[in-house]
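Everything on this sheet refers to the single structure shown next.
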Amino acid sequence: SCHAACAEVDSDTEAVAGAGFKLGCISCKKRSEVKGYATVEWFFRANGEADFVPIYTYTKETGQTIEHDLFMDRVDWNGSKRSGDIQDASIYLLNVTFNDSGTYQCFFNRILTYENHEYSTTISKVVHLTVVAKATRGTASIVSEVMMYVSIIGLQVWLLIEMIYCYRKISAAGEEALREAANAEYLAIASESKDNCAGVQVGE
């Protein structure tokens, strides 16, 4: 059977108030051929608070359970589906508010099944979420755009240099061809003159 590739992409960290937001959490297995089963737990610590509180759990059998009133009816599972071998534990947060700013932590409680034994492991990921009134452009986006314009300008300059070089090369080749043609014509005339002079001398 064919398995989709897994890549541990970091979650976005800036949400817009009133909109939805995906809290990403991915943990790839090192060996995809090993059978596994995982349950997921999410915790939240608001800005200024000292402790994390449980907000969400998910298993394939029981589905999702929202464990905190602040997130009631506002969280949907956005991770791995149709399999208990969860590698993507992302959740989608609806109607984001400024109270959602803080630190989120998700835990993969995974059991790997080998031929003669089982191995239990826990992996955690952390997301520091900031809620803003209006979306702002990130530094990466600005740098990418600047690099795009630099690349375009550089490409245009390179094409211009190539055009000038090719034009000069073609022009030089044309001038060389004209000189060769003129030399050939001169040699032909000189040869003809020489033959005429030889004929006159013989006649005399």
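Estimated at the nearest 10 Å², the accessible area of VAL146 is 80 Å² with a 1.4 Å probe.
I'd like the carbon and sulfur percentage of the solvent accessible area for segment 16-164, probe radius 1.4 Å, heavy atoms only, ligands and nucleic acids excluded. Could you put the intermediate results ahead of the total?
Numbers: 5250 of 9230 Å².
Here carbon and sulfur together make up 57 percent of the probe-accessible area.
The listed residues MET147, MET72, MET163 rank as MET163, MET147, MET72 when sorted by accessible area, largest first, using a 1.4 Å probe. The Cα atoms of segment 1-154 give a gyration tensor whose axes a ≥ b ≥ c have a/c of 1.5 or more with a/b no greater than b/c, which makes the shape oblate. Under 5 Å from the amide H of GLU14 lie the amide H atoms of THR130, each residue being 5 or more positions distant or on a separate chain, with H modelled from the backbone and absent for Pro and chain starts. If you sort the three axes of the alpha carbon gyration tensor as a ≥ b ≥ c, you get a/c of 1.5 or more for segment 27-66 and a/b no higher than b/c, which makes it oblate. Accessible surface comparison of LYS60, LYS125, probe 1.4 Å, protein chains only, largest first: the order is LYS60, LYS125.
Taking a 1.4 Å probe, which of ASP76, ASP12, ASP88 shows the most accessible area, and what order do the others take after it? Intermediate results must be reported in sequence, preceding the final value.
Values: ASP76 70, ASP12 110, ASP88 35 Å².
Most to least solvent-accessible, the answer reads ASP12, ASP76, ASP88.
The values are calculated or read from the model by the stated rules, or taken from the named source; none is laboratory data. None of the values given here were measured: they were computed from a predicted structure. Heads up: the accessible areas ignore ligands, DNA and RNA and are worked out on the full protein's heavy atoms, side chains in. Shrake-Rupley method; radii C 1.70, N 1.55, O 1.52, S 1.80 Å.
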